[in-house]
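The values are calculated or read from the model by the stated rules, or taken from the named source; none is laboratory data. Predicted, not measured: the structure shown is a model, and the values here were computed from it. Don't worry about glycine lacking a Cβ; one is built from the backbone with ideal geometry, like all the others, and counts go over all protein chains shown. Ligands, DNA and RNA are stripped out before the accessible areas are found, and what is left, the full protein with its side chains, is counted by its heavy atoms. Shrake-Rupley method; radii C 1.70, N 1.55, O 1.52, S 1.80 Å.
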Amino acid sequence: MTGRRRSHDRRLAARRPYRGAGLLARFRIRDQQHLSLCILQRPHAVRGAVAADGACDACRPACPLCPCATGKPRPGHRRPLRLYPGRRGHGDRLRHLRRVLVRVRRTGPSPASQPHRQEAGRHRSHVALCADGRVAGRRHRPDRRGMGHAAMAALEAGAVRLRHDVRGRHSPGAHRAFPYLGDHGPRRADRRDQRHHQAHLCPRHLGPAAAVGVHHSDHRRQHLEADVNDDALIDALKARLPAEAVRTDDDALTLAMHDVHVTGERPVAVVVPKDAAELASAVAAATALGHAVIPRGGGLSYTGGYAAPGPGAVTIDMQGMNRILDIAQEDMTITVQAGVTWKQINNALKPLGLRMPFIGTFSGAGATVGGGLGHGALFFGSARYGSAADNVLGMEVVLADGTLLRTGQGALAQPSKPILRSFGPDLTGLFTHDGGMFGIKTEATFRLIRTPAEQGYASFAFSDIRQAADALCEMARADLAEEIYILDPSAADAVHADASTMAKTAVSVARGAGGAFKAVKALAALAKGGTDFIPEGHFSLHLTAAGRCAAAVEADLAAAHHIASRRGGSAVTPTIPRVARAEIFANLNGVLGPRGGRWAALNAKVAHSDAHRLIDAFDAMIAPHAEEMAAHGVRYTRLVSALANHCFSFEPVFHWQDRWQPLHRSAPDPVHLAAFEEPVPNPQGRALVDRLRRETVDLFRSLGAASNQIGRTYPFRAALSPAPDHLLSTIKQALDPRGLMNPGVLGFA
Ligand SMILES: Cc1cc2nc3c(=O)[nH]c(=O)nc-3n(C[C@H](O)[C@H](O)[C@H](O)COP(=O)(O)OP(=O)(O)OC[C@H]3O[C@@H](n4cnc5c(N)ncnc54)[C@H](O)[C@@H]3O)c2cc1C
């Protein structure tokens, strides 16, 4: 233990009524219905409140003695852990017991200075909090080795059912010693979560006790994973939703806890609502029981946006809400459920000669509207029309308590068609780029445009990324294209390598070219480009121009050629932008890198005038890591693009070979997947990538850059100045007083 930690403990000790067995506790009986407790536990703190219905707001910050009652996070005091009442009881025989076990486990003897040493015994000890206000220390039985001590004490008290031992293994002794564990015993828990010890509390025997919120630190989690009455939650959800909408199977839970790069805690359940009413009902049920709710769209992000920060969360899988609700051709709007993908929208609008201005992301075959609005999705169409958030006119959102709220003109008492987004302060904007921290989007309305009659493509090679960036900025300022982007030399090589995609794409290119003559021309262009259209080691700039007539497109392309040549670029066959547009939203094979490896990107948005500064700063940051990166097989590429005509977007992408996340197995086409063997785990490579990502994020922050896809990767809140931080915290507090709506995303717990 560090000296600092020791003095911290001493400070706490001076103010507490009980200290022993490695546990510091404060608690008080509030009334007949509520017991609040605060456990200050070395080296971290836990706190909580117990309420009769498990949903008492007043109880949450209940303990006035507790430094954590301020709600301010402090080191080692992060994760919510909850205790819930058990559903089925073994409690009849133990009616008299009213204990909530809060903490047990201590290895080795207690320090002599601690008064409870004798009581706790030499080996391990546990403590139970009693409803009459006493803290009871109990002696551990060394012969029941491997049992979680928390569960042990609770089992003895009859209030808790054992699910796991602390080391995550099934403990056969538990069944022998406590036959009443029955179906709810360790075997089932084993399937649910190999790592966690879990126990259930029985409300009848805890009297008023029903829910306890506890904060604990990561590295202690294995010692204390008491709690959570999953069954009560699952019952509540099943009572409100069709059984098939509440998933607790391993596949669903596993997928929900991993994004493309980040792994979070395993949720208790995955709810798949099919409409706003079901969603609102599920959210209300879960939060009433004190569970966090976490929205997940297509799941195709890599910044931990839906990675649960602690146990007990419910993932709301939006993929069941995938209906296009209205295409108002006269009004030029489309209204969709939030689980609709960009591909669905594009397919529905195409026959009508319409499209969204922002068309979608590279991941648009699976990425959803809700995820895109929450994450500031951008790419196809973004150089001219901005991001998804720039094109939304109104939304419907479910708040943490299940309230349905509409924004834009939908917010009016006399609701009208959502044509004007900001009638008064921009409520719609509040729910964009928010990572779902304010609420879960159920519906969104976007504006539409007529599909431009003509499209054209251009590509240029540059020997230097700065020259390419200058050209991109100039083209963006002149509004010459719908998307403009720069690929690193090795990123373009990956396109070369994927010749089979190219062959398949040829058909789409021909199909999408419009007319036999154009098809032949397009295929000829593709063939000419072949696989060597970019000189080795060159950065390539690509653009898609679009307009009402061929002359307008040609004029834009001519202007682009002029700019590129002035900036030192040379024209090459525009195979890449043509293929990208022809096969827009083709598949999700891109979750895997070129050789079946992994990748994870970061991004920074700055003004055009800061482009060089950003590129130079990143180069300077990454250069000293070259050797280490080579040693662990980590490399990087850069993707540069234009967002509207004023914003420069820079995305370093780290690549390495490593064990796959579940999404790497489930998202790509089976045929594509079959071409690769899953790489062996590369923990050092992964750790290096994580370190480089952190350094990159710090660098972006130091340059004042903004980012989309904030999730839990960018320190958004920490980067705010006090006034906006206060405003956003106040809004969060008003919308989600218990912090149960995607806690931790954007840094708001
Ligand atoms: C191969 C590949 C290509 C990509 N290309 C691009 C690209 O071109 N442009 C780009 O911007 N990004 C891209 N991404 C990143 C990612 O796909 C996008 O950020 C995308 O918008 C995520 O959408 P999703 O539906 O998968 O959201 P998820 O990953 O499921 O969720 C993203 C965030 O939104 C929240 N959320 C999800 N649904 C809702 C809802 N209904 N209400 C409230 N909050 C919600 C989640 O909690 C999470 O915080 C790419 C990723 C991959 C793997």
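Filtering G410, G312 for residues that are at pLDDT below 95 and within 18 Å of the chain's Cα centre (by Cα) leaves a single hit, G312.
Criterion first (of a type outside the set (G, A, S), open to solvent by 10 Å² or more (accessible area, probe 1.4 Å) and either at pLDDT 95 or above or not assigned by TED's automatic domain parsing to the domain that holds A546 (or both)) does F358 satisfy it?
On the way: of a type outside the set (G, A, S): yes; open to solvent by 10 Å² or more (accessible area, probe 1.4 Å): no; either at pLDDT 95 or above or not assigned by TED's automatic domain parsing to the domain that holds A546 (or both): yes.
Judged against the criteria, F358 is not a match.
Looking across the stretch 404-429 at every residue that is in a loop (DSSP other than H, G, I, E, B) and touching a strand residue (DSSP E or B) at 6+ places or on another chain (Cβ under 9 Å), the one that is nearest to the ligand (Cβ to nearest atom) is identified as T407. With respect to T368, is the statement that it is surrounded by 22 or more Cβ atoms within 10 Å (Cβ to Cβ) and farther than 21 Å from K274 by Cβ true? Against the criterion (surrounded by 22 or more Cβ atoms within 10 Å (Cβ to Cβ) and farther than 21 Å from K274 by Cβ), T368 does not qualify.
Among the residues of the stretch 340-369, what is the count of those that are among the polar types (S, T, N, Q) and away from the ligand (no atom under 15 Å from the Cβ)? Break it down into steps so the answer makes sense when it comes.
Within the stretch 340-369, the first condition is being among the polar types (S, T, N, Q), and the residues that meet it are 341, 344, 346-347, 361, 363, 368.
Then keep just the ones that are away from the ligand (no atom under 15 Å from the Cβ); that gives 347.
Count: 1.
Look at the stretch 408-432: where a residue is free of Cβ contacts under 8 Å to residues at least 12 places away in the same chain and a partner is not basic (K, R) and not in a loop (DSSP other than H, G, I, E, B), sitting 6+ places away or on another chain with Cβ atoms under 6 Å, you get S416/Q409.
Filter the stretch 562-579 down to the residues that are open to solvent by 30 Å² or more (accessible area, probe 1.4 Å) and outside any helix (DSSP H, G or I) and list them by number. Before the answer, list the steps.
Narrowing the stretch 562-579 to residues open to solvent by 30 Å² or more (accessible area, probe 1.4 Å): 562, 565-568, 570-571, 578.
The answer is R567, G568, S570, A571.
Does T432 fit the bill of being outside any loop (DSSP other than H, G, I, E, B) and either within 14 Å of the ligand (Cβ to nearest atom) or of a type in the set (D, E, K, R) (or both)? Criteria not met by T432. What are the residue pairs meeting all of these: first residue in the stretch 292-305, first residue charged (D, E, K, R), second residue more than 8 Å from the ligand (Cβ to nearest atom), Cβ atoms under 9 Å, and 6 or more apart or on different chains? Final answer for the pair search is R296/L255; R296/A256; R296/V270; R296/T315; R296/D317; R296/Q319. For the stretch 308-331, a tally of residues being of a type outside the set (S, T, N, Q) and either near the ligand (Cβ under 9 Å from one of its atoms) or under 17 Å from V397 (Cα atoms) (or both) returns 8. When you look at F460, is it more than 10 Å from the ligand (Cβ to nearest atom), in a loop (DSSP other than H, G, I, E, B), surrounded by 18 or more Cβ atoms within 10 Å (Cβ to Cβ) and not acidic (D, E), yes or no? No; evaluated as a whole, the condition is false for this residue. For residues that are open to solvent by less than 30 Å² (accessible area, probe 1.4 Å) and more than 25 Å from A491 (Cβ to Cβ), scanning just the stretch 547-561, find the one that is nearest to the chain's Cα centre (by Cα). Ranking the candidates gives G547 first. Residue-level check: of (1) out of contact with any Asp or Glu (no Cβ under 7 Å at 6 or more places or on another chain); (2) away from the ligand (no atom under 13 Å from the Cβ), T303 misses just (2).
Cβ separations smaller than 6 Å between residues 6+ apart or across chains give the following pairs from the stretch 581-606 residues that are within 14 Å of P668 (Cβ to Cβ) and within 11 Å of the ligand (Cβ to nearest atom) to residues that are open to solvent by less than 30 Å² (accessible area, probe 1.4 Å) and of a type in the set (D, E): R598/D658. Listed by first and then second residue, the pairs with beta-carbon distance under 8 Å, at least 6 apart or on different chains, first residue in the stretch 549-563 and in contact (Cβ under 8 Å) with a residue 12 or more places away in the chain, second assigned to a helix (DSSP H, G or I), are A559/M475; A560/M475; I563/A471; I563/E474; I563/M475. Would you mention how many residues in the stretch 699-709 are open to solvent by less than 20 Å² (accessible area, probe 1.4 Å) and either away from the ligand (no atom under 15 Å from the Cβ) or touching a Phe, Trp or Tyr at 6+ places or on another chain (Cβ under 6 Å) (or both)? Selection size over the stretch 699-709: 1.
Just one of the listed residues (I316, I334) is out of contact with any Ser or Thr (no Cβ under 8 Å at 6 or more places or on another chain) and open to solvent by less than 10 Å² (accessible area, probe 1.4 Å), and it is I316.
Once the stretch 377-402 is narrowed to residues that are buried (at least 24 other Cβ atoms within 10 Å of the Cβ) and part of a helix (DSSP H, G or I), the residue that is farthest from the ligand (Cβ to nearest atom) is A383. Scanning the stretch 266-282 for residues that are crowded, with 24+ Cβ neighbours inside 10 Å and either in contact with a Pro (Cβ under 8 Å, 6 or more places away or on another chain) or free of Cβ contacts under 8 Å to residues at least 24 places away in the same chain (or both) yields V268, L279, A282.
Identify all residues within the stretch 678-698 that are assigned to a helix (DSSP H, G or I) and open to solvent by less than 60 Å² (accessible area, probe 1.4 Å); write none if there are none. Before the answer, list the steps.
Filtering the stretch 678-698 down to residues assigned to a helix (DSSP H, G or I) leaves 683-698.
Hits for the stretch 678-698 are G685, R686, A687, L688, V689, D690, L692, R693, T696, V697.
For the stretch 277-295, the tally of residues that are part of a helix (DSSP H, G or I) and either outside the structural domain of G372 (by TED's automatic domain parsing) or farther than 16 Å from G744 by Cβ (or both) stands at 11.
Take the stretch 471-487 and flag every residue that is crowded, with 21+ Cβ neighbours inside 10 Å and outside any strand (DSSP E or B).
Within the stretch 471-487, the subset crowded, with 21+ Cβ neighbours inside 10 Å is 471-473, 475-476, 480-487.
Hits for the stretch 471-487 are A471, L472, C473, M475, A476, L480, A481, E482.
If you check H655, H632, H646, which single one turns out to be of a type outside the set (D, E) and open to solvent by less than 30 Å² (accessible area, probe 1.4 Å)? Lay out the reasoning, then the answer.
Numbers: H632 fails: open to solvent by less than 30 Å² (accessible area, probe 1.4 Å); H646 fails: open to solvent by less than 30 Å² (accessible area, probe 1.4 Å).
None of the others qualify; the one that does is H655.
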